[in-house]
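One structure is given below, encoded as structure tokens.
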Amino acid sequence: MNQLIIFIKNPQLGKVKTRLAASIGADAALAVYHKLCQHTRQTVLGVEVDRQLYYSDFIDRHDAWKEEQFVKHQQVGSDLGARMNQAFQDSLKQGNRAVIIGSDCPQLTADLLRDAFQALVEHPFVLGPAQDGGYYLLGMREPCPGLFHKMEWSTDKVTEMTLQRIHEQKKSCFLLPILSDIDTIEDWEKWGW
């Protein structure tokens, strides 16, 4: 079965959407984050996959992510790259294709997720570039720790560096459309609801 890894932050006041909160305040930023999580949850429920949900700080057994629909985990690792690598390692023991997403992309659709898994039939990697130079989706058929080691996260070079590392392995990567994450008030006003 295809494995869909969803990374979320535990929705705590002052700890989510901090760049957005600088413009609109922590309460409004938390409300935005709840809306983004709701969209992500509805989107992924439209795809027939095993859904692996990874929380940033602790597993919440009583939130809107129902345990009948999501296998719940806590992220493990010293930085984002280590946590993502571990999630891929675990998921690819259960299936031969895994895709990871966050909860920051209001343009993400079930069709895009299906396209990502379909691309992995012919390509070892699939990437959904974000307009800020990062990515909203990454998929692979086998673990690849080199994609995460010493990556400069939260910069406009993440997609470029990831593609370079894939190219250095002489592997192909299918590119999905460029979409926008929500990090700033400008992002929210342009791409939010």
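The values are calculated or read from the model by the stated rules, or taken from the named source; none is laboratory data. Just so it is clear, the model here is predicted, and its values are computed rather than measured. With ideal geometry, Cβ positions are generated from the backbone for all residues, glycine too; neighbour counts draw on all protein chains shown. Just the protein is used for accessible areas: all its heavy atoms, side chains included, with ligands, DNA and RNA removed. Shrake-Rupley method; radii C 1.70, N 1.55, O 1.52, S 1.80 Å.
Structure notes:
- Residue check, Leu45 in contact with a helix residue (DSSP H, G or I) (Cβ under 6 Å, 6 or more places away or on another chain), open to solvent by 50 Å² or more (accessible area, probe 1.4 Å) and among the aliphatic types (A, V, I, L, M): no
- The stretch 61-78, residues that are open to solvent by less than 90 Å² (accessible area, probe 1.4 Å), free of Cβ contacts under 8 Å to residues at least 24 places away in the same chain and in contact with a strand residue (DSSP E or B) (Cβ under 8 Å, 6 or more places away or on another chain): Val71, Lys72, His73, Gln74
- Residue under evaluation Ala64, criteria (1) modelled with pLDDT of 95 or more; (2) assigned to a helix (DSSP H, G or I), criterion not met: (2)
- Residue list for the stretch 127-178, restricted to those being among the charged types (D, E, K, R) and within 15 Å of the chain's Cα centre (by Cα): Asp132
- Qualifying positions in the stretch 121-130 - among the hydrophobic types (A, V, I, L, M, F, W, C) and surrounded by fewer than 20 Cβ atoms within 10 Å (Cβ to Cβ): Val121
- Every pair of residues 6+ apart whose Cβ atoms lie under 7 Å, when the first sits in the stretch 111-130 and is assigned to a helix (DSSP H, G or I) while the second is open to solvent by 70 Å² or more (accessible area, probe 1.4 Å) and of a type in the set (A, V, I, L, M, F, W, C): Ala119/Phe174
- Yes/no for Gln52 being at pLDDT 95 or above, open to solvent by 40 Å² or more (accessible area, probe 1.4 Å) and among the polar types (S, T, N, Q): no
- Residue in the stretch 19-38 that is touching a residue at least 12 places away in the same chain (Cβ under 8 Å), part of a loop (DSSP other than H, G, I, E, B) and either open to solvent by 30 Å² or more (accessible area, probe 1.4 Å) or polar (S, T, N, Q) (or both) present: no
- Qualifying position, being assigned to a helix (DSSP H, G or I) and exposed (fewer than 13 other Cβ atoms within 10 Å of the Cβ), among Lys170, Lys150, Lys190: Lys190
- Considering the conditions (1) open to solvent by 20 Å² or more (accessible area, probe 1.4 Å); (2) in a loop (DSSP other than H, G, I, E, B), Gly133 is excluded by exactly one of them, (1).
- Matching entry among Asp156, Asp57, Asp104 (being in contact (Cβ under 8 Å) with a residue 60 or more places away in the chain and either of a type in the set (Asp, Glu) or crowded, with 17+ Cβ neighbours inside 10 Å (or both)): Asp104
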